[in-house]
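Colleague: Below is one structure. I have some questions about it.
None of the figures in this text is laboratory data; all of them are computed from the coordinates on show. Not measured: the values here are computed from a predicted model. Cβ placement follows ideal geometry from the backbone for every residue including glycine, while neighbour counts extend to all protein chains displayed.
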Amino acid sequence: MESSFKNRNIEAMFTRILSKLERIEDKLDETSYPTEEAFNSDFIERVNAANNEITKGKRLEFESMDDFLNSIEQ
C-alpha cells in the first residue's frame, strides 16, 4: 500500500514538472527579439566589423560557449 502511495506521489510530481515545462516552452515560443533597426547603429557597425575580422582570421571564433570559457581558463 505504501509503495502505491509513493508511486502516485512521484507520478503527481512528474505531472506538475511536465506542466511547468510546457508553460516555460510556451513562454519561450512567445519571445521576440527586436529588429536590427532597434539597435544603435554604432553597435551594429562594431558587430559587423568584428564578423569581418573573424572571417579574415584576425579574431578567434569559438564553436561553443564552453570552448570560449575553457580558453579563458587556460
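Colleague: Can you match Rg and Dmax of the Cα atoms in Å to one of these, (i) 15.3, 53; (ii) 15.7, 58; (iii) 23.1, 69, based on a calculation from the structure here?
Modeller: (iii)
Colleague: On to the next question. Which lysines have a Cα lying under 25 Å from the Cα of residue 20, excluding residues fewer than 8 positions away in the same chain?
Modeller: Of all the lysines, those that pass the test against residue 20 - Cα under 25 Å, at least 8 places apart if same chain - are 6.
Colleague: Run lengths n ≥ 4 of DSSP H only: what is the helix-derived mean residue ellipticity at 222 nm for the chain, with -39500 (n - 2.57) per run over all residues, to the nearest 500?
Modeller: My calculation for the chain gives -24000 deg cm²/dmol from helical runs alone.
Colleague: Report the FRET efficiency, 1/(1 + (r/R0)^6), for residue 64 and residue 26, where r is their Cβ-Cβ distance and R0 is 22 Å, rounded to 0.05.
Modeller: On the way: r = 27 Å, r/R0 = 1.22.
With R0 = 22 Å, the Cβ-Cβ based efficiency is 0.25.
Colleague: Tally Lys and Arg at +1 and Asp and Glu at -1 over the other residues with C-beta under 14 Å from the C-beta of residue 43: what net charge comes out?
Modeller: Combined, the nearby Lys, Arg, Asp and Glu give -3.
Colleague: Going by Cα centres, region 12-32 and region 45-74 are how many Å apart?
Modeller: That distance is 33 Å.
Colleague: If you take every residue apart from residue 20 with its C-beta less than 13 Å away from the C-beta of residue 20, what net charge results, scoring Lys and Arg +1 and Asp and Glu -1?
Modeller: Working: positive: 16, 23, 27; negative: 22, 25, 26.
Net charge in that neighbourhood comes out at 0.
Colleague: At 0.36 nm per residue, and after removing the present C-alpha to C-alpha distance, how many nm does the segment from residue 15 to residue 50 gain when stretched out fully?
Modeller: Details: separation 35, 0.36 × 35 = 12.60 nm, distance 4.63 nm.
Separation in residues times 0.36 nm, less the Cα-Cα distance, equals 8.0 nm.
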